[in-house]
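Visitor: Below are the structure tokens for one structure; questions will follow.
The values are calculated or read from the model by the stated rules, or taken from the named source; none is laboratory data. Remember, it's a predicted structure, so these values are computed and weren't measured experimentally. FYI the Cβ positions are ideal-geometry reconstructions off the backbone, even for glycines, and counts take in every protein chain you see.
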Amino acid sequence: MKKANRVNSVYRRTWAALLAAASLCLAAQPSAAQAPVDPVLDARDALRRRDAGRLALAKASATSQQHPLAQWVDYWELQNRLQQADAEELNAFFARWPDTYVADRLRNDWLLELGRRNDWATFSTQLPRFRMQDDKQVDCYAVLARRDGGGDDLRAAARKAWMAQREADQGCSLMALTLYQAGVLTHADIWRKARLATEAGRRNPGRQAVVVVGTDAAQRYDELYENPARYLARRAGSANRTDAELTTLALVRLAASDPEAAAAQLEGWTERLPQELSAWAWAAIGRQAGIRLSPRATEFYQRASQGAREADWSDDMLAWKARAALRAGRWQQVSQAINAMPETQQADSAWVYWKARALQALARDSQDGEKLRAEAHTLLDSIAGWHDFYGKLAAEDLGRPLMLPARPAALTDEERDVARRNPGLQRALQLFSLGLRGEAVREWNWTLSFGGPGGARMNDRQLLAAAQIACDREIWDRCINTSDRTEAEFHIEQRFPMPFRREVVARAREIGLDPAYVYGLIRQESRFVMDVRSHVGASGLMQLMPATARWTARRIGINYTPDMITDRNTNIALGTSYLKLVLDDVGGSQAMGAAAYNAGPGRPRRWREGAVLETPIWIESIPFSETRDYVKKVLSNATYYGALISGRMPSLKARLGPTVGPRDPNAPPPQTDLP
């Protein structure tokens, strides 16, 4: 501790000297040709380069200038040397910047550091002050911090934290190993986590679970993950629980690449494995077959259900059991799968809707038909007022026309003024103006959650006022996402803005596209942020990949260069042209067109093969979760944009069309050169 105090004393003297030096520098008048660099931008660049000296100078400069974003520079400077910091220095930071995003984020970082130090006393004093509570590793450390208490509550908390962890990390690994050795976490807990991770294709957390059992088991896990077929041929066994669990993981892993081969292997293992492991393996095979839209998926799930507790399966296994049954028209299986889901999963509007549809189908041949139809009506009615895809379908199924919610009362001058004076929103706007979008979004979102009176979540009126600030500044993603948070109030122009209306509507109509459909897609693609770039390299309002932009430009005769992809009008011209081409390729189906725009045209061509399906069933069984969600949102968005453009709320079902099935053999052949 004495050494730490000496280090901090030296740091404080150095800091005072830097502050004085910065003050002297600022006293001099810079020439017009040498305008000073904003200390926030200088600090952000120094942080990226891990340049502690520049960070300290930037902090001194920001402090002496009383820069409105000085707290961010202070945060970056201390975060950069957090491993050398002590509690006194952290507490001083929290006192300087109380009730701010950077204080809460640094407390998150500090809790992780305290966990790594095993400083549970300090950790326990800081944890209740951590407001976001959004870090899974902190959750695991929190369980360790109170492990001396023991009891059922500790086991429940440990199991919850362990199962929630999706990526391997130091804190959850330490918690699992410590509490497994103490008998708090059981053998079953460790292996369940390994099965969940392996089923989801997450190797690192899967291995992290298995290594708790032992290094030999972890080595065998590496072998089965790399080559499950070879492991099953050479090393699989069922003589003890570890052997049986690893054999099950090998079967699950094989199913990820070849469900049919895994099913053939499992035929020989079913009687040798414990019943719950055999059932899990069959369910994993059913899930993978469902993702591949194989008609055998329901057969594999039927094998899994024999004597199994479906409630123990993963959420995704149960979801794919329901989807496979939907495609096969097996409504009893649909109902069984949904009934086995946890309550939180059952409450999702998708499963409320499909349970209602299953009850309606089962009522046709049941002596309790009236009771089942009444229950189905109650379920549909419970979501018919929701603003999402299934809420609209439920309303139309009940024979109700889609209606726009009542317009909220206009914001008062006082409400607008309170929002404009909110310190967190002011800092976010300043960060946006500096081009620090990531930091700005985090500051903005934290303020929505904790920037209301007394540090509470903003209420609907405050959210509308904050959203309007973003709309007025044309920060469209914050405009939309902020207004989307309201519960009782629905401001359609905020949630569904129409930037560049003249250009988009004119271009869409020129090439024969529904402008509402185009707007629904742009809202989902980019939230109207023109310079946004996705993790895969898509750019601009309509999120075009470079190769797609080049190909489309050639097709429509634009003299294109790569720097044009983020030009607003060029991006709209290329994006709408490509959308029209893929829409024509799928016979005008807006559901398939949106899927093709998101996942590439080749995949929906494969997904449409097989039985002719109701369009909502086809959408719900799209194998990619991102694309499934995307299609629902694009089509739901388009109904609202249709109302804004035409003045009346159009039907979602009419937009969907009745069915999706194999291509009409008399239709023109697909455009095989579509990228």
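Visitor: ILE565 passes all but one of (1) surrounded by fewer than 22 Cβ atoms within 10 Å (Cβ to Cβ); (2) touching a helix residue (DSSP H, G or I) at 6+ places or on another chain (Cβ under 6 Å); (3) modelled with pLDDT under 95; which number fails?
Guide: Unmet for ILE565, out of (1) surrounded by fewer than 22 Cβ atoms within 10 Å (Cβ to Cβ); (2) touching a helix residue (DSSP H, G or I) at 6+ places or on another chain (Cβ under 6 Å); (3) modelled with pLDDT under 95: (1).
Visitor: Checking GLN66 against (1) modelled with pLDDT of 95 or more; (2) on the phi < 0 side of the Ramachandran plot, only one condition comes out false. Which one?
Guide: If we test GLN66 against (1) modelled with pLDDT of 95 or more; (2) on the phi < 0 side of the Ramachandran plot, just (2) comes out false.
Visitor: May I pose another question? Going residue by residue through the stretch 411-427, is there one that turns out to be under 27 Å from the mean Cα position of the chain (by Cα), in a helix (DSSP H, G or I) and hydrophobic (A, V, I, L, M, F, W, C)?
Guide: Yes.
Visitor: OK, next. Only one of ILE469, ILE383, ILE475 is surrounded by 15 or more Cβ atoms within 10 Å (Cβ to Cβ), of a type in the set (Val, Ile, Thr), on the phi < 0 side of the Ramachandran plot and in contact with a Ser or Thr (Cβ under 8 Å, 6 or more places away or on another chain). Can you tell me which?
Guide: ILE383 is the lone residue from the list that is surrounded by 15 or more Cβ atoms within 10 Å (Cβ to Cβ), of a type in the set (Val, Ile, Thr), on the phi < 0 side of the Ramachandran plot and in contact with a Ser or Thr (Cβ under 8 Å, 6 or more places away or on another chain).
Visitor: Which one of the conditions (1) crowded, with 17+ Cβ neighbours inside 10 Å; (2) out of contact with any Gly (no Cβ under 7 Å at 6 or more places or on another chain) does TRP446 fail to meet, given that it meets all the rest?
Guide: Answer for TRP446: the failing condition is (2).
Visitor: Right, next: From GLU370, GLU375, which residue is part of a helix (DSSP H, G or I), surrounded by fewer than 12 Cβ atoms within 10 Å (Cβ to Cβ) and modelled with pLDDT of 95 or more?
Guide: Exactly one of GLU370, GLU375 is part of a helix (DSSP H, G or I), surrounded by fewer than 12 Cβ atoms within 10 Å (Cβ to Cβ) and modelled with pLDDT of 95 or more, namely GLU370.
Visitor: Within the group ASN91, ASN108, ASN118, which residue is modelled with pLDDT of 95 or more, at positive phi and among the polar types (S, T, N, Q)?
Guide: ASN118
Visitor: Check ALA168, ALA103 and return the single one that is closer than 30 Å to ARG241 by Cβ and either touching a helix residue (DSSP H, G or I) at 6+ places or on another chain (Cβ under 9 Å) or surrounded by 15 or more Cβ atoms within 10 Å (Cβ to Cβ) (or both).
Guide: ALA168
Visitor: Cβ-Cβ below 7 Å, separation at least six or inter-chain, first residue in the stretch 602-628 and without any contact (Cβ under 8 Å) to a residue 60 or more places away in the chain, second hydroxyl-bearing (Ser, Thr, Tyr): which pairs?
Guide: The qualifying pairs are VAL612/THR659; GLU614/THR659; THR615/THR659.
Visitor: When you look at ARG523, is it of a type outside the set (S, T, N, Q) and either touching a strand residue (DSSP E or B) at 6+ places or on another chain (Cβ under 8 Å) or farther than 29 Å from ASP484 by Cα (or both), yes or no?
Guide: no
Visitor: Are any residues in the stretch 147-176 part of a loop (DSSP other than H, G, I, E, B), touching an Asp or Glu at 6+ places or on another chain (Cβ under 9 Å) and not polar (S, T, N, Q), and if so, which ones?
Guide: none
Visitor: So, LYS160, is that one surrounded by fewer than 17 Cβ atoms within 10 Å (Cβ to Cβ) and either within 26 Å of GLU443 (Cβ to Cβ) or in contact with a strand residue (DSSP E or B) (Cβ under 9 Å, 6 or more places away or on another chain) (or both) or not?
Guide: no
Visitor: Another one. When the stretch 405-419 is examined, which residues are found to be out of contact with any helix residue (DSSP H, G or I) (no Cβ under 6 Å at 6 or more places or on another chain) and either over 30 Å from ASP472 (Cβ atoms) or surrounded by 15 or more Cβ atoms within 10 Å (Cβ to Cβ) (or both)?
Guide: The answer is PRO408, VAL418.
Visitor: While we're on this one: Output the number of the condition that MET458 fails; it satisfies all remaining conditions of (1) at pLDDT below 95; (2) in contact with a Gly (Cβ under 6 Å, 6 or more places away or on another chain).
Guide: (1)
Visitor: Follow-up question, since we're still on this one. All but one of (1) buried (at least 20 other Cβ atoms within 10 Å of the Cβ); (2) under 30 Å from ALA667 (Cα atoms); (3) within 27 Å of the chain's Cα centre (by Cα); (4) of a type in the set (Gly, Ala, Ser) hold for ALA547, so report the exception by its number.
Guide: The failed condition is (1).
Visitor: I would also like to ask the following. So ARG485 fits all but one of (1) part of a helix (DSSP H, G or I); (2) basic (Lys, Arg); (3) surrounded by fewer than 21 Cβ atoms within 10 Å (Cβ to Cβ); what number is the exception?
Guide: So ARG485 meets the others, but not (1).
Visitor: Could you tell me whether THR552 is of a type in the set (S, T, N, Q), in a helix (DSSP H, G or I) and crowded, with 18+ Cβ neighbours inside 10 Å?
Guide: For THR552, the condition - of a type in the set (S, T, N, Q), in a helix (DSSP H, G or I) and crowded, with 18+ Cβ neighbours inside 10 Å - is met.
Visitor: Please go through the stretch 61-116 and pick out each residue that is part of a loop (DSSP other than H, G, I, E, B), under 18 Å from PRO39 (Cβ atoms) and over 31 Å from the mean Cα position of the chain (by Cα).
Guide: Residues satisfying the conditions are GLN66, HIS67, PRO68.
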